[in-house]
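Structure record follows, encoded as structure tokens.
The values are calculated or read from the model by the stated rules, or taken from the named source; none is laboratory data. Owing to the predicted nature of the structure, the values given are computational and were not obtained by experimental measurement. Positions of Cβ are backbone-derived with ideal geometry, glycine not excepted, and every protein chain shown enters the neighbour counts. Calculation scope for accessible area: heavy atoms of the full protein, side chains included, ligands and nucleic acids excluded. Shrake-Rupley method; radii C 1.70, N 1.55, O 1.52, S 1.80 Å.
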Amino acid sequence: VQLVESGGGLVQAGGSLRLSCVASQGTVRDLDMAWFRQAAGKEREFVASTNWSGGAKYYANSVKGRFTIARDKAKNTVYLQMNSLKPDDTAVYYCNSGGFLSDGYISGAYWGQGTQVTVST
């Protein structure tokens with residue numbers, strides 16, 4: 001599976017963005033999927049995950065209540081809706097295909113190239 005992220009950009013604090021992750025080769029329809037992010041000089045961190053059906057989701061505490069992960073199987077796409085953005089959300093965002101857990105997520109081998117999100121004050 002080859003994953004391609006899009007939708008990043010520059011936004012003011014308090015604004016919103018919606019990221020998309022589509023499979024350029026293969027499909028994400030029946031895969032557990034997640035979003036991670038990596039800020040400059042920091043390690044990559046988990047943001048949100050969804051199981052293969054979209055019926056179960058898990059969020060990092062730092063984004064809970066502000067971000068929503070969703071999937072559209074017809075479009076073979078996974079989304080990350082980001083609201084009430086903060087400067088601390090500035091990072092490169094990556095989607096990943098791995099293993100969903102009720103209390104976490106196990107990252108898999110398939111990563112996209114990332115999309116930059118920059119939140120200004």
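Observations on the model:
- Within region 12-21, restricting attention to residues that are in contact with a Ser or Thr (Cβ under 9 Å, 6 or more places away or on another chain) and in a strand (DSSP E or B), the residue that is farthest from TYR93 (Cα to Cα) is GLN12.
- Residue among ALA70, ALA74 that alone is under 22 Å from SER24 (Cβ atoms) and part of a strand (DSSP E or B): ALA70
Each row is one residue, and each column tells you yes or no for (1) modelled with pLDDT of 95 or more; (2) in a strand (DSSP E or B); (3) open to solvent by 40 Å² or more (accessible area, probe 1.4 Å); (4) in contact with a helix residue (DSSP H, G or I) (Cβ under 7 Å, 6 or more places away or on another chain).
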{"site": "LEU10", "(1), (2), (3), (4)": "yes, yes, yes, no"}
{"site": "ALA23", "(1), (2), (3), (4)": "no, yes, no, no"}
{"site": "ALA40", "(1), (2), (3), (4)": "yes, no, yes, no"}
{"site": "GLU43", "(1), (2), (3), (4)": "yes, no, yes, no"}
{"site": "PHE46", "(1), (2), (3), (4)": "yes, yes, yes, no"}
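- Qualifying residue in region 80-94 (condition: in a strand (DSSP E or B), touching a Gly at 6+ places or on another chain (Cβ under 6 Å), over 25 Å from LEU10 (Cα atoms) and not basic (Lys, Arg)): no
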